[in-house]
Amino acid sequence: MADPSSYRPRPGQIPDSPGVYRFRDEHQRVIYVGKAKSLRPRLSSYFQDLSNLHPRTRTMVTTAASVDWTVVSTEVEALQLEYTWIKEFDPRFNVKYRDDKSYPYLAVTMNEEFPRAQVMRGAKRKGVRYFGPYGHAWAIRETVDLLLRVFPVRTCSAGVFKRSAQIGRPCLLGYIGKCSAPCVGRVSAEEHRELAEEFCDFMAGRTTAHLRRLEQEMQRAAEDLEYERAARLRDDIQALRRAMEKNAVVLGDATDADVVALAEDELEAAVQIFHVRGGRIRGQRGWVTDKVEAIGTGELVEHALQQLYGEERGEAIPREVLVPALPDPAEPLTEWLTGLRGARVDLRVPQRGDKRDLMDTVRRNAEQTLNLHKTKRASDLTTRSRALEEIAEALDLDSVPLRIECFDVSHLQGEDVVASMVVFEDGLPRKSEYRRFQIRSFEGQDDVRAMNEVVGRRFRRYLREKQRTGEWVEPEPDAAQDAEEPDAAQDAEEPDAAPDAAPDAEAADAGPRGTDGRPKRFAYPPQLLVVDGGRPQVAAARAALDELGIDDVAVCGLAKRLEEVWLPDDPDPVVLPRTSEGLYMLQRVRDEAHRFALRYQRGKRAKALRSGPLDAVPGLGETRRQALIKHFGSVKRLRAATVEELCEVPGIGRRTAETVAAALAGAAATGSAPAVNTATGEIIEDD
């Protein structure tokens, strides 16, 4: 590991002007390329105290052994040079979006004497018109098959074309009218090129003129009594409309735009692009990247647009590019895109209307892409095994942690404090053993104390299971601890089941069972206990285990801000490499615990907001509650009703009526807080 001060340039040597810089390792390989509006402050920021740098930046500057730079005139030139160098040197610490596949395009080879429509992948060729990209090649072939009725351009390979010209007979498409057969001279080269240009115009979105022309020809043919020709033209119009229906109309007819959206977490980011031409979605593509740099959404957008348009020119770049966030500053990127297109390009963030709705759709696609990428990565057996081995090595465990439990605390400003426990076995979630806790020993906001309580309750249950089976001979926890934890059914809520499931109906059937048939919810200890938090939460969890005499369970915490792993007895965190599969697995476990706790906390809050005075009446179900409200019209009138009036409601007997009257009278006596309209601040009357 190099010391950055050993190659730090003197401040006077660094120019105060726009430029591009390169960090090189000891073998003179370029490991990072960056640009700056002013080189002096930007480069100086890399050579401060290492503890103040982001972990990824710290790794880069300690890997590097030298730095050099090139001065340019403007920020636009810096942007262009940065892209060129990233493409040339492929630096390991730069963001590089990677495709998991090569997207197919519909290509028309206008550079040939007889242009051909075909599916193409890979680098774009000069003189070829491209449309797309498409998600699947079969989508291109279906579209072309529909359009060949109206635009019978050549689709055959060079060998088939040459063979047909030699024997003087066209291929099958020529016989069925889906090719104009230029190979045998049915049309001249000029006529065939005109057909190809009309085909390209239609694919570019200029559809109205072609449909109008065909409709006029159909009407003239019908007026001239050429019914067969009119019927063929009618079928051609229907084929064009079916081809147009395959591309959804999302914006105005004249809108040409690319919509770019991102989904990101601490380690990775996914980008999705929808290509809109003539108001219709003409193509879609996406990438996934590792976030090797400490950058924000605006800079991720800048890198994505560099990769998307770096090799494009002219109309391949649309008039408008919609993005989720603008880089700072945005003017150099806009000028660069304008220079590539040769005309003005607007780069902006949509705020409302159809464009904002489309941006939300593209963002959801990006989120799905990122989740699918994570799922594929987590489902690979070899990857999971390597991740568990890396965790064991980094935390100095005796064996790989085949069972990992993670705890998280969730609340809303100290209200509705809950916690979650998720279980991963062999690197995969075991949702039947997820558990949810209510914090009962105190009120208010204290995540450390809540973590101590939850871990203690979980492992006291484990010790009780061992006592019951005779594996544990120590005395039971004292009365104070028992008072804090009265019953198993109250201790843990339902597993990750349907939201409407009864709290303990699912939990009673889930998980392994003992010889007496009772569910063994907490019978197995984990090899690794993970808490969502830093050093204080880790210390609280370790203290709970020490209090119970448990010393064979490893404990660690994952701090979300810098993804640092904290151990109970170490003053400094363990920083796993950014590309570590072990870090990815710990992050996934932590995020799952956070999701599960947040879902429970939101559900409790929503239930509390919907609750009313009738909910506390024992034996009164939803049907009879609704019958009472419908009969009296409001809770205020229901509260004023006598027992005899309550008995008039169908299904309400005298005993139930007396119970309802007593419950409503008790609620009124306690002076419960009135309902408040959160939008206006007005008090809502019962009637």
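The values are calculated or read from the model by the stated rules, or taken from the named source; none is laboratory data. All values derive from a computational prediction rather than experimental measurement. Every residue, glycine among them, receives a Cβ derived from its backbone with ideal geometry; neighbour counts consider all protein chains shown. Protein only, heavy atoms only, side chains kept; ligands, DNA and RNA dropped before computing areas. Shrake-Rupley method; radii C 1.70, N 1.55, O 1.52, S 1.80 Å.
Per the listing ASP408, ASP416, the residue uniquely buried (at least 21 other Cβ atoms within 10 Å of the Cβ) and under 30 Å from GLU443 (Cα atoms) is ASP408. Report yes if LEU300 is aliphatic (A, V, I, L, M), touching a Leu at 6+ places or on another chain (Cβ under 7 Å), closer than 20 Å to ALA78 by Cβ and not in a helix (DSSP H, G or I), otherwise no. So LEU300 does not fit the description; no.
With a requirement of 1 or more residues that are of a type outside the set (Asp, Glu) and within 19 Å of LEU558 (Cα to Cα), the strands (runs of 3 or more DSSP E) lying completely within segment 371-454 that satisfy it span 403-412, 415-425. Just one of the numbered conditions (1) touching a helix residue (DSSP H, G or I) at 6+ places or on another chain (Cβ under 8 Å); (2) assigned to a loop (DSSP other than H, G, I, E, B) is not true of VAL276: (2). Taking segment 527-541 as the range and being surrounded by fewer than 22 Cβ atoms within 10 Å (Cβ to Cβ) and touching a strand residue (DSSP E or B) at 6+ places or on another chain (Cβ under 7 Å) as the test, the residues that pass are GLN527, GLY534, ARG535.
Of the residues in segment 572-588, not one is more than 29 Å from PHE93 (Cβ to Cβ) and open to solvent by 40 Å² or more (accessible area, probe 1.4 Å).
Out of segment 419-440, which residues are of a type in the set (Val, Ile, Thr) and open to solvent by 10 Å² or more (accessible area, probe 1.4 Å)? The one that is of a type in the set (Val, Ile, Thr) and open to solvent by 10 Å² or more (accessible area, probe 1.4 Å): ILE439. The residue that is farthest from LEU267 (Cα to Cα), counting only those in segment 568-583 that are modelled with pLDDT of 85 or more and part of a helix (DSSP H, G or I), is GLY582. Condition check for ARG464 on (1) open to solvent by less than 60 Å² (accessible area, probe 1.4 Å); (2) assigned to a helix (DSSP H, G or I); (3) at pLDDT below 90: one failure, at (1). Which residues, taken from segment 1-36, are outside any loop (DSSP other than H, G, I, E, B) and either hydrophobic (A, V, I, L, M, F, W, C) or surrounded by fewer than 14 Cβ atoms within 10 Å (Cβ to Cβ) (or both)? Of everything in segment 1-36, those that are outside any loop (DSSP other than H, G, I, E, B) and either hydrophobic (A, V, I, L, M, F, W, C) or surrounded by fewer than 14 Cβ atoms within 10 Å (Cβ to Cβ) (or both) turn out to be SER5, SER6, PRO11, GLY12, GLN13, VAL20, PHE23, VAL30, ILE31, VAL33, ALA36. Restricting attention to segment 542-554, the residues being open to solvent by less than 20 Å² (accessible area, probe 1.4 Å), assigned to a helix (DSSP H, G or I) and either in contact with a strand residue (DSSP E or B) (Cβ under 8 Å, 6 or more places away or on another chain) or over 21 Å from ARG403 (Cβ atoms) (or both) number 1. Of the residues making up segment 635-668, just one is at pLDDT below 80 and of a type in the set (Val, Ile, Thr), namely VAL635. In this structure, ARG605 does not satisfy being modelled with pLDDT of 80 or more and within 30 Å of LEU412 (Cα to Cα). Any residue that is hydrophobic (A, V, I, L, M, F, W, C), touching a Phe, Trp or Tyr at 6+ places or on another chain (Cβ under 9 Å), assigned to a loop (DSSP other than H, G, I, E, B) and modelled with pLDDT under 80 - is there at least one of those in segment 234-243? Looking through segment 234-243, none of the residues is hydrophobic (A, V, I, L, M, F, W, C), touching a Phe, Trp or Tyr at 6+ places or on another chain (Cβ under 9 Å), assigned to a loop (DSSP other than H, G, I, E, B) and modelled with pLDDT under 80. Can you tell me which residue in segment 267-286 is farthest from ALA559 (Cα to Cα), limited to those that are in contact (Cβ under 8 Å) with a residue 60 or more places away in the chain, open to solvent by 10 Å² or more (accessible area, probe 1.4 Å) and among the hydrophobic types (A, V, I, L, M, F, W, C)? If we take residues in segment 267-286 being in contact (Cβ under 8 Å) with a residue 60 or more places away in the chain, open to solvent by 10 Å² or more (accessible area, probe 1.4 Å) and among the hydrophobic types (A, V, I, L, M, F, W, C), then PHE274 is farthest from ALA559 (Cα to Cα).
Scanning segment 256-265 turns up at least one residue that is in a loop (DSSP other than H, G, I, E, B), of a type in the set (Asp, Glu), open to solvent by 10 Å² or more (accessible area, probe 1.4 Å) and touching a residue at least 24 places away in the same chain (Cβ under 8 Å).
Counting the residues of segment 325-347 that are touching an Asp or Glu at 6+ places or on another chain (Cβ under 7 Å) and either open to solvent by less than 40 Å² (accessible area, probe 1.4 Å) or of a type in the set (Phe, Trp, Tyr) (or both) gives 4. Could you tell me whether THR109 is without any contact (Cβ under 8 Å) to a residue 40 or more places away in the chain and either open to solvent by 80 Å² or more (accessible area, probe 1.4 Å) or among the polar types (S, T, N, Q) (or both)? When the stated conditions are applied, THR109 passes them. Do you know which residues across segment 38-95 are under 26 Å from GLU264 (Cα atoms), aromatic (Phe, Trp, Tyr) and open to solvent by 60 Å² or more (accessible area, probe 1.4 Å)? Selection gives PHE89 alone.
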